1. Does segment 109-123 hold any residues that are under 17 Å from LEU149 (Cβ atoms) and outside any loop (DSSP other than H, G, I, E, B), and which are they?
2. Hey, can you tell me all the residues within segment 43-69 that are under 24 Å from PRO24 (Cβ atoms) and of a type in the set (Asp, Glu)?
3. Would you confirm whether any residue within segment 144-154 is surrounded by fewer than 14 Cβ atoms within 10 Å (Cβ to Cβ), in contact with a strand residue (DSSP E or B) (Cβ under 9 Å, 6 or more places away or on another chain) and free of Cβ contacts under 8 Å to residues at least 12 places away in the same chain?
4. Under 19 Å from ARG152 (Cβ atoms), open to solvent by 40 Å² or more (accessible area, probe 1.4 Å) and in a loop (DSSP other than H, G, I, E, B), is that true of GLU128?
5. I want to confirm something. Restricting to segment 162-191 and keeping residues that are in contact with a strand residue (DSSP E or B) (Cβ under 9 Å, 6 or more places away or on another chain) and in a loop (DSSP other than H, G, I, E, B), which single residue is most open to solvent (accessible area, probe 1.4 Å)?
6. Taking the condition modelled with pLDDT under 95 and over 19 Å from ASP43 (Cα atoms), does HIS167 pass?
7. Within the set of pairs 6 or more residues apart or between chains, which connect a residue that is touching a residue at least 60 places away in the same chain (Cβ under 8 Å) and assigned to a loop (DSSP other than H, G, I, E, B) inside segment 83-100 to a residue that is surrounded by fewer than 16 Cβ atoms within 10 Å (Cβ to Cβ) and of a type in the set (Lys, Arg) with Cβ atoms less than 6 Å apart?
Amino acid sequence: MIVKPSAESLAESARAAGTRGLPPVHAWNPPFCGDLDMRIARDGTWFYLGTPIGRPELVRLFSTILRRDGEDYFLVTPVEKVGITVDDAPFVAVDFEAKGAGEAQSLTFLTNMGDKVTAGPDHPIRVERDPETGEPSPYVLVRDRLEALIDRKSFYRLVEIGAHAEHEGDNWFGLWSRGRFFPVIPSAELG
């Protein structure tokens with residue numbers, strides 16, 4: 001008997017497989033069971049069947065079984081794998097804390113799912129710019145190919161503590177964290 005996946009069956013499987021910390025979704029290889037009408041909007045809101053999921057604990061549970069394979073996103077349990085839609089990044093960095101200064105600075109981000117991650121070699125910051133408007137979209141890697149879009153208020157605060165440094169032979173404005181420089185925009189483009 002083939003059972004069609006649902007948010008309820010995924011939540012039940014995730015709870016059953018749950019351990020302390022994040023489940024080892026990278027090690028699970030269950031059969032693909034099709035796509036689920038679940039979407040993560042650019043602002044971090046999760047939708048199921050077109051309706052926002054109003055239970056934060058359920059959204060947090062789903063976020064722990066999220067995996068990215070190539071350009072596609074899946075919810076994965078030991079027994080099923082279902083495709084979902086992600087409009088931009090699956091998480092949103094809603095705040096950050098800066099400690100230190102210059103090359104000794106560290107930037108620790110808090111996501112809308114409660115994850116904390118300090119930018120550095122294992123958690124790089126990258127900035128994509130809209131080719132038409134030039135508007136930046138900054139991201140920080142949270143875990144295994146899953147990024148958080150850095151929200152606007154946090155990005156404005158980051159710009160206030162940014163610095164100029166040489167990057168790949170040119171001068172760039174960017175951010176330091178854990179001894180690594182993350183370029184944001186070429187210095188020559190700043191007015």
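The values are calculated or read from the model by the stated rules, or taken from the named source; none is laboratory data. Model, not experiment: these values are computed from the prediction. Every residue, glycine as well, gets a Cβ built from its backbone with ideal geometry; the counts of neighbours run over all protein chains shown. The protein model used for the area step is the full one, side chains on, heavy atoms only, and it has no ligands, DNA or RNA in it. Shrake-Rupley method; radii C 1.70, N 1.55, O 1.52, S 1.80 Å.
1. PHE109, LEU110, THR111, LYS116, VAL117, HIS123 - these are the residues of segment 109-123 that are under 17 Å from LEU149 (Cβ atoms) and outside any loop (DSSP other than H, G, I, E, B).
2. Within segment 43-69, GLU57, ASP69 meet the criteria.
3. Looking for residues that are surrounded by fewer than 14 Cβ atoms within 10 Å (Cβ to Cβ), in contact with a strand residue (DSSP E or B) (Cβ under 9 Å, 6 or more places away or on another chain) and free of Cβ contacts under 8 Å to residues at least 12 places away in the same chain, one finds at least one in segment 144-154, hence yes.
4. No: the conditions fail for GLU128.
5. Within segment 162-191, the subset in contact with a strand residue (DSSP E or B) (Cβ under 9 Å, 6 or more places away or on another chain) is 162-168, 170-190.
Then keep just the ones that are in a loop (DSSP other than H, G, I, E, B); that gives 162, 168, 178-179, 190.
Values: GLY162: 23, GLU168: 163, ARG178: 146, GLY179: 49, LEU190: 75 Å².
If we take residues in segment 162-191 being in contact with a strand residue (DSSP E or B) (Cβ under 9 Å, 6 or more places away or on another chain) and in a loop (DSSP other than H, G, I, E, B), then GLU168 is most open to solvent (accessible area, probe 1.4 Å).
6. Values: modelled with pLDDT under 95: yes; over 19 Å from ASP43 (Cα atoms): yes.
Yes, satisfied.
7. Going by the 6 Å Cβ cut-off, the qualifying pairs are ASP88/ARG42.
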